[in-house]
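Participant: Would you mind keeping the following structure in view while I ask a few things?
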Amino acid sequence: MIDMIMANIREGKIDTSNFVDLSISNVVKKAVRQFSYQNQQDRDLLSYDLNEDFIFRGDENMMIFVIYNLLKNALHYKAKIEIRSEIKSDGNYLYFKDYGPGIESDKLELIFESFFTSGKKDGTGLGLPFCRRIMRAFDGEIICKSELGKGTEFEMKFPN
């Protein structure tokens, strides 16, 4: 984790030479199982539908980091969380939706900028920018949609 954080600060290139084919379902289930929830109530906020499993080329630990970061951010607000996978003609998708307070539109465009943080006093502003770098290293993308009072959804697109 420290190496990943330092790479994010340096904004060095992510080494893709050790990427392997991985099941999105297996990686998400492992991340959800191993995450350090504060209590059972936090764990109970999470549900997932991974019936549309797909294979992506990447690094398991990096993808787990992405999921951990999104979980940590969503659980800060103690809101319901849904994770689902979907296979479409233009790519394979992993959706991460929380029903928290949402993100203001003027801040939404900044959340992937290094050191930008809002709404959490203990945030560093490094998590989401590194998540984007990881997704781009996987030849994918991550975008965020949010509406105040209704929640936030991260859409991660992986190549077919």
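Participant: Against the conditions (1) closer than 25 Å to Pro129 by Cβ; (2) small (Gly, Ala, Ser); (3) at pLDDT 95 or above, where does Ala7 fall short? Just the number, please.
Facilitator: Of (1) closer than 25 Å to Pro129 by Cβ; (2) small (Gly, Ala, Ser); (3) at pLDDT 95 or above, only one is false for Ala7: (3).
Participant: Going residue by residue through region 74-88, is there one that turns out to be surrounded by fewer than 18 Cβ atoms within 10 Å (Cβ to Cβ), in a loop (DSSP other than H, G, I, E, B), touching a helix residue (DSSP H, G or I) at 6+ places or on another chain (Cβ under 8 Å) and modelled with pLDDT of 95 or more?
Facilitator: Looking through region 74-88, none of the residues is surrounded by fewer than 18 Cβ atoms within 10 Å (Cβ to Cβ), in a loop (DSSP other than H, G, I, E, B), touching a helix residue (DSSP H, G or I) at 6+ places or on another chain (Cβ under 8 Å) and modelled with pLDDT of 95 or more.
Participant: Checking Asn69 against (1) outside any loop (DSSP other than H, G, I, E, B); (2) buried (at least 19 other Cβ atoms within 10 Å of the Cβ); (3) out of contact with any Asp or Glu (no Cβ under 7 Å at 6 or more places or on another chain); (4) of a type outside the set (D, E, K, R), which single condition isn't satisfied?
Facilitator: Of everything listed in (1) outside any loop (DSSP other than H, G, I, E, B); (2) buried (at least 19 other Cβ atoms within 10 Å of the Cβ); (3) out of contact with any Asp or Glu (no Cβ under 7 Å at 6 or more places or on another chain); (4) of a type outside the set (D, E, K, R), Asn69 misses just condition (2).
Participant: Mind listing whichever residues of region 45-82 are within 13 Å of Asn26 (Cβ to Cβ), in contact (Cβ under 8 Å) with a residue 40 or more places away in the chain and β-branched (Val, Ile, Thr)?
Facilitator: Ile67
Participant: Out of the residues in region 20-55 that are assigned to a helix (DSSP H, G or I) and β-branched (Val, Ile, Thr), which is surrounded by the fewest Cβ atoms within 10 Å (Cβ to Cβ)?
Facilitator: Val32
Participant: Looking only at region 133-160, count every residue that is under 11 Å from Arg57 (Cα atoms) and of a type outside the set (Asp, Glu) and tell me the total.
Facilitator: 7
The values are calculated or read from the model by the stated rules, or taken from the named source; none is laboratory data. Note that the structure is a prediction, hence the values are computed from the model and not measured. Every residue, glycine among them, receives a Cβ derived from its backbone with ideal geometry; neighbour counts consider all protein chains shown.
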